[in-house]
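Enquirer: Here's a structure for you.
The values are calculated or read from the model by the stated rules, or taken from the named source; none is laboratory data. The shown structure was predicted, so the numbers you read here are calculated from the model rather than taken from an experiment. Note: ideal-geometry Cβ built from the backbone for every residue, glycine included; neighbour counts use all protein chains shown.
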Amino acid sequence: MHAVGSAEELRAILLTRGCERYTGEPVSHLEHALQSADFAERAGAADSLVVAALLHDIGHLLTCHSGTPSANGIDDRHEMVAAACLARLFESDVREPVRLHVAAKRYLAADPVYRRALTEDSLRSLQLQGGVMSAEERAAFEREAHAEAALRLRRWDDAAKRPGRVTPSLTDFWSRVERLALRSSPGRNDHNQPSAKATQTAQSSL
């Protein structure tokens, strides 16, 4: 996993690898990130959720996998990779919706109408990620403190695949990223940080 220690490193990753495309999707990683953040902003989301929307798929760009891992039958666990990375920079209101956005898809996929609207790649990755949640898994997800934020993020994620859609630039969003990263000092007492076990799980999946 590529270690990230600053907001500027995140920006560099988005600018250097963001032009890569998903197989089966009509947009690049950066286009998808900007559209997701734009939807969040237009919905009146808090800055923390706008930043989460912008960075929710950064885990895809932090692994050794390129292209579309799901096309090769690989779940790159990008949500866990991202959560472990973002824990160094952000508090739980940014990183937890990111960590949960894959679980949110599995939760929403219990609705056949939702499943039918998913793109080719999203359907393929859904199966690799565990498929539709069981009743027990749904109940556990609903108990998550950031479940509602993750569901909102998931809806924007699903919609943010429109080729040619005009959005604000990365620069337009970046002051929020820097401000929220700055509020997170190394000595902060945040009990919602990913556990060492969760971080090890993310790293072992690479």
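Here's the yes/no breakdown for (1) at pLDDT 95 or above; (2) more than 30 Å from residue 116 (Cβ to Cβ):
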| position | (1), (2) |
| --- | --- |
| 142 | yes, no |
| 154 | yes, no |
| 172 | yes, yes |
| 176 | yes, yes |
| 186 | no, yes |
| 203 | no, yes |
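Enquirer: Still on this structure, please answer the following. Consider region 19-43. How many of its residues are in a loop (DSSP other than H, G, I, E, B) and either under 14 Å from the mean Cα position of the chain (by Cα) or aliphatic (A, V, I, L, M) (or both)?
Expert: 2
Enquirer: Exactly one of these conditions fails for residue 90: (1) at pLDDT 95 or above; (2) surrounded by fewer than 17 Cβ atoms within 10 Å (Cβ to Cβ); (3) part of a loop (DSSP other than H, G, I, E, B). Give me its number.
Expert: Every listed condition holds for residue 90 apart from (2).
Enquirer: Name the single residue, out of those in region 135-147 being of a type outside the set (A, V, I, L, M, F, W, C) and surrounded by 13 or more Cβ atoms within 10 Å (Cβ to Cβ), that is nearest to residue 37 (Cα to Cα).
Expert: Among them, the one singled out is 146.
Enquirer: Related question: Considering only residues that are over 17 Å from residue 77 (Cα atoms) and among the basic types (Lys, Arg), look in region 105-134 and name the one that is surrounded by the fewest Cβ atoms within 10 Å (Cβ to Cβ).
Expert: 116
Enquirer: Something else about it: Looking at region 107-127 only, could you name the residues that are hydroxyl-bearing (Ser, Thr, Tyr), modelled with pLDDT under 95 and over 17 Å from residue 27 (Cβ atoms)?
Expert: none
Enquirer: Yes or no: residue 168 surrounded by fewer than 18 Cβ atoms within 10 Å (Cβ to Cβ) and touching a residue at least 60 places away in the same chain (Cβ under 8 Å)?
Expert: Spelling it out, residue 168 is indeed surrounded by fewer than 18 Cβ atoms within 10 Å (Cβ to Cβ) and touching a residue at least 60 places away in the same chain (Cβ under 8 Å).
Enquirer: Among the residues of region 124-178 satisfying the criterion of being in a loop (DSSP other than H, G, I, E, B) and among the β-branched types (Val, Ile, Thr), which is farthest from residue 12 (Cα to Cα)?
Expert: 132
Enquirer: Please go through region 100-121 and pick out each residue that is under 26 Å from residue 86 (Cα atoms) and in contact (Cβ under 8 Å) with a residue 40 or more places away in the chain.
Expert: Of everything in region 100-121, those that are under 26 Å from residue 86 (Cα atoms) and in contact (Cβ under 8 Å) with a residue 40 or more places away in the chain turn out to be 100, 101, 103, 104, 105, 107, 108, 121.
Enquirer: Among the residues of region 143-162, write down those that are in contact (Cβ under 8 Å) with a residue 24 or more places away in the chain and more than 19 Å from residue 126 (Cα to Cα).
Expert: Residues satisfying the conditions are 144, 145, 146, 149, 162.
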